[in-house]
Every structure is written in C-alpha cells, then in structure tokens.
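Worksheet: the structure to be examined is printed underneath.
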Amino acid sequence: MPLTDTAIKNLKPKERPYKKADARGLHIYVRPNGSKLWRMSYRFEGKHKLLSFGRYPDVSLSRAREKMRSAKSLLADGIDPSAKKKADKAEAAAINEHTFEKISAELLEKRRKEGLAESTLKKKQWLLSFAIMDFGKIPVRDVTPAILLKTLRGIEAKGNYETAKRVRTAVGEVLRYAVATARLEIDPTPSLRGALIAPVVTHMPALTDKVAFSRLVRAIWSYSDGAPATRAALKLMVLLYPRPGELRLSKWEEFDLEKRSWTIPAHRTKMRRAHTKPLSATAVQILEQLLIETGNKVLVCPSSISRTKPISENTLNQALRRMGFEKGEHTSHGFRASASSLLNESGLWNQDAIEAELSHAGSDQVRKAYHRAQYWDERVRMASWWESKILKSLEGSGHK
C-alpha cells in the first residue's frame, strides 16, 4: 500500500532500523534515532543496489517519487542511477574546486617553480587581485567576457587604463592555463580586443642630451651620501645600462671578472633568456672595490639594512632625487634610454649590436635571429668606447 504523509509522520523509531515500502522499490528507512531516509531498491546488471534520495521531510513524498521516476528512466536507458549520481557529484565538486582564484594560485606557483622573479610574481599577483576580488570564487568555466569586462571597466573608471590592459593580459594567462590543463574549453579574453581605452604610451624619463648626461655622470661619481652598494650600482648603471632589477638582484656567481663578462640568468631577464654583457675595465674595478667594501660574497648590491637582501627598488631613484634630478627628468631605468640614444647618435655602431647589448627583441623574426648572434666582438669594442666617453665626462672633475 503506497505511503502517505500522515503515515510517514506516524512512523516511530524502533530498537532496530526498519523500512516501509511505497512503490516500485521506493521506501522510507527509519533509524533508531528517529531519522527517516528515502531509498530505492533496484537491480542493475544482475546486482541488487540502493539509491538514496535524502532525508524526510527535507525531501517530501512527492519529491521522492519524482526522483524514483527519474531513476527508473535512467535504468530504462541502461544507465545505473547510482553511478550517474556519483558522476554528477564529482563534476559539481570539480566545478567548485576549479575556481578562478584557485587556478590563479596554481599558475603562480607553477611560474615560481619555473624561476620567475619574485618581484614579477608579486606584480602578477597584484594584477590578478582585481579579478579575484570580483569573480575569484566562481568556476573558471563561468568567467565570461561580460564578467571580465565589468571588472576592467571599474579599473578604467578610475583612470587606470594601463592597469586595465595589464589585468586583461594577466587574466588571459590564467584562462589559457585552464584551457591547457583541461579545466576550460576556450579563453574568452581575445573577444575583448578593442573594448578597452588605449593607454597613452609614456616613456621612462631619461637624459639623452650629451651635455645633460655628462652632468649626470659627474654627479654620480661625486655622490657620497649613499652606501657603497648604492654608489657602485649607480656607476654600473651608467657603464652597463642593464634593467635596474637585473643589477639590483645580481649575484657574484654571475660575474667572471677575469674574462670581463656578466651573465644575467634567464629567469631575471625580461626576454626570459640568459644575457651576457661585456665588462669594461672601469666596471671591473668598481666591482672589485665593491666586493672589498661590502664583504658580501653572494649579493653584488646588498642592502645596508640586511646582508641577505639586495638594495630596494627605490634606492637608486631616491639617490638620483638627492642629487637634484627630478622624477620627470631621469630615473634608474632611464640609463638604458640614455645609452641607446647616445650610442645610436654616434653612428659608430651597428643598430642590431646596440639592441643586442640592451637585450631587446623586436617582432622582426630576421632581426631576432641576428640578435642571437650577439655581435659579441662589436659589443666588447662598444663597451670600451662607452667607457672612454664616461671617463672623458669626468675629466677636470677630480674623478677617475
């Protein structure tokens, strides 16, 4: 006889669990503690099985019958409802596990193991934080162009157009990783091309006039306020014009003072490939003196606060400000533009050799191939010539 709500409510617990049938294998299972569970008995491939539908009254009598009919339909199609239920549960768990936030963290950890610089990782983490704050908890497969665009528009509304562009790029990297690891079918970020406000390109402030640059060189060689590592780093920026982070984070193991070369490891270069620079005689002298003054045999530019940490990102710029060079006049990154402008202006050097020395790589594939040739001999001569120009700037100033 089919069950009724009244009959179910009147079922009392007993010392042992028992069940009361409804129809077509559906029954309610009464436990000694008084709980009442819906179950369905069935056979699949000759085996007796049970399928649970939940607790009464959370699952009503009518709802339990609906679940029973759905299970019977699956059986009619040759599908085991228990297996289907487990598969659906696993898929739901996977969806909740594969949130944008979790996949972002997974990708950052992967990039950390691949040797990406900690400073770069922090920047990526900061960019992704805008997206994580808005939609980090949703499954990555539910991240649509509209959802991402809403976040980007919020950033643009504050006038941060470059940040919005970089956030879109960072999010795209996460979504492409999700595609590569079979958690997403397609990266939706390309559909947002043209949707964002194009930021105005601004170049790092740099002194590119010969007279002004000579004044900067003399000021650096006269600077006495900073720690030995700061003073030496400024001179090396003049002579070698690397990216500030490449020098700031450098270690002595990268330098071969006898062969007069510095090999910057791939994980610390912008192009993610090792880059070797020739050292002039003056650069070698500065490095040798720096090793004596700091006594630090690991870091080339150790912080005066902690021997285990390098000088900070702002140290060089702050020193330039103390010398009287304003923020809009010259920055630590500006040494690269200064050298590039003056080397090209001299007309003495192959443009590709200058680009190779700067560790630049344009979109032209042929020129990339030439850059791989490195132009080493020409770059050694160029380093010597550049050194001579620096030393000439110091003539009459009492410095060598």
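The values are calculated or read from the model by the stated rules, or taken from the named source; none is laboratory data. Keep in mind the model is a prediction, meaning the values are calculated, not measured. So basically every Cβ, Gly included, is an ideal-geometry build from the backbone, and we count neighbours across all protein chains shown. Side chains are part of the model used for accessible areas, which takes the heavy atoms of the whole protein and leaves out ligands, DNA and RNA. Shrake-Rupley method; radii C 1.70, N 1.55, O 1.52, S 1.80 Å.
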Checklist entry - Once amide H atoms are placed 1.01 Å from N in the peptide plane, what residues at a sequence separation of 5 or more from Lys251, or on another chain, have their amide H within under 5 Å of its amide H? => result Val300
Next on the checklist: Residue by residue through segment 50-64, what is 3J(HN,Hα) from phi via Karplus (6.51 cos²θ - 1.76 cosθ + 1.60, θ = phi - 60°)? Round to whole Hz and write x for glycine and proline.
Outcome noted: 10, 10, 8, 10, x, 9, 8, x, 4, 10, 6, 4, 5, 5, 4
Checklist entry - Once the Cβ-Cβ distance between Trp252 and Ala157 is put in as r, and R0 is 56 Å, what FRET efficiency do you end up with, to the nearest 0.05? => result 0.70
Checklist outcome for this item: Computed curve, the chain, Cα-only Debye sum without solvent term, log₁₀ I(q)/I(0) at 0.13, 0.14, 0.15 Å⁻¹, is -1.17, -1.26, -1.32
Checklist entry - Shape call for segment 197-351 from the C-alpha gyration tensor, a ≥ b ≥ c root eigenvalues: rounded (a/c under 1.5), prolate (a/b greater than b/c) or oblate? => result rounded
Next on the checklist: Tell me the relative contact order for the chain as a rounded percent, counting alpha carbon contacts under 8 Å between residues six or more apart.
Outcome noted: 11 percent
Item to check | Computed [θ] at 222 nm, deg cm²/dmol, the chain (DSSP H ≥ 4; -39,500 (n - 2.57); rounded to nearest 500) | outcome: -16000 deg cm²/dmol
Checklist outcome for this item: In segment 164-257, the trypsin sites (Lys or Arg not before Pro) that sit in a DSSP loop and have at most 13 other Cβ atoms within 10 Å of their own Cβ are Arg193
Next on the checklist: Given points 7 Å out from each Cα along the Cα-Cβ axis, report the Met1 to Glu114 separation in nanometres with one decimal.
Outcome noted: 7.1 nm
Checklist entry - Gain in length, Asn344 to Lys123, computed as 0.36 nm per residue apart minus the alpha-carbon separation, to one decimal in nm? => result 76.3 nm
Checklist entry - Taking the Cα centre of the chain as the origin, how large is its charge dipole in debye, to the nearest 20, when only Lys and Arg (+1) and Asp and Glu (-1) carry charge on their Cβ atoms? => result 2460 debye
Checklist outcome for this item: Rounded to the nearest whole number, the per residue volume of the convex hull around the C-alpha atoms of segment 4-87 in Å³ is 95 Å³
Checklist entry - Hey, what do the phi angles of segment 310-323 turn into as Karplus ³J(HN,Hα) couplings, whole Hz, using 6.51/-1.76/1.60 and θ = phi - 60°, x for Gly and Pro? => result x, 4, 6, 4, 8, 4, 5, 5, 5, 4, 5, 5, 5, 6
Checklist entry - Rg to Rh for segment 136-258: what is it, with Cα atoms only and Rh by Kirkwood? => result 1.18
Checklist entry - Out of segment 118-190, which GluC sites (Glu not before Pro) are coil in DSSP terms and have no more than 16 other C-beta atoms within 10 Å? => result Glu185
Checklist entry - So, with +1 on the Cβ of K and R and -1 on the Cβ of D and E, and no other charges, what is the size of the charge dipole of segment 115-248 about its Cα centre, to the nearest 20 debye? => result 240 debye
Next on the checklist: Ranking request for peptides 349-355, 58-64: highest mean number of other beta-carbon atoms within 10 Å first, then the rest in descending order.
Outcome noted: 349-355, 58-64
Checklist outcome for this item: Computed about the Cα centre, the charge dipole of segment 201-291 from +1 Lys/Arg and -1 Asp/Glu charges at the Cβ has a magnitude in debye, to the nearest 20, of 300 debye
Next on the checklist: Keeping all protein chains in the complex and leaving out DNA, RNA and ligands, what accessible area do you get for His48 with a 1.4 Å probe, in Å² to the nearest 10?
Outcome noted: 120 Å²
Checklist entry - Once both axes come from the Cα atoms, what is the angle between helix 228-240 and the longest principal axis of the chain, in degrees from 0 to 90, rounded to 10? => result 80 degrees
Next on the checklist: Quick query: amide H of Gly54 versus all other amide H atoms, modeled in the peptide plane; which residues come in under 5 Å with a sequence gap of 5 or more or a different chain?
Outcome noted: Trp38
Checklist entry - Solvent-accessible area per residue for the chain at a 1.4 Å probe radius, Å²? => result 56 Å²
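Determine the shape class of segment 189-285: with a ≥ b ≥ c the square roots of the Cα gyration tensor eigenvalues, call it rounded for a/c under 1.5, and otherwise prolate if a/b is greater than b/c, oblate otherwise.
Details: a/c = 2.62, a/b = 1.42, b/c = 1.84.
Verdict is oblate for segment 189-285.
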Item to check | Sequence-distant residues sharing a close amide H with Ile264 (under 5 Å, placed H) | outcome: His275, Thr276, Lys277
Checklist outcome for this item: Two pseudo-spin positions, 7 Å from Cα along C-beta at Lys86 and at Glu313, lie apart in nanometres by 5.1 nm
Item to check | Kirkwood hydrodynamic radius (C-alpha pairs) into Stokes-Einstein, segment 1-148, 10 °C and 1.306 mPa s, D in µm²/s | outcome: 82 µm²/s
Checklist entry - What shape does segment 98-207 have by the C-alpha gyration tensor, where a ≥ b ≥ c are the square roots of the eigenvalues, rounded means a/c under 1.5, and otherwise prolate means a/b greater than b/c and oblate the rest? => result oblate
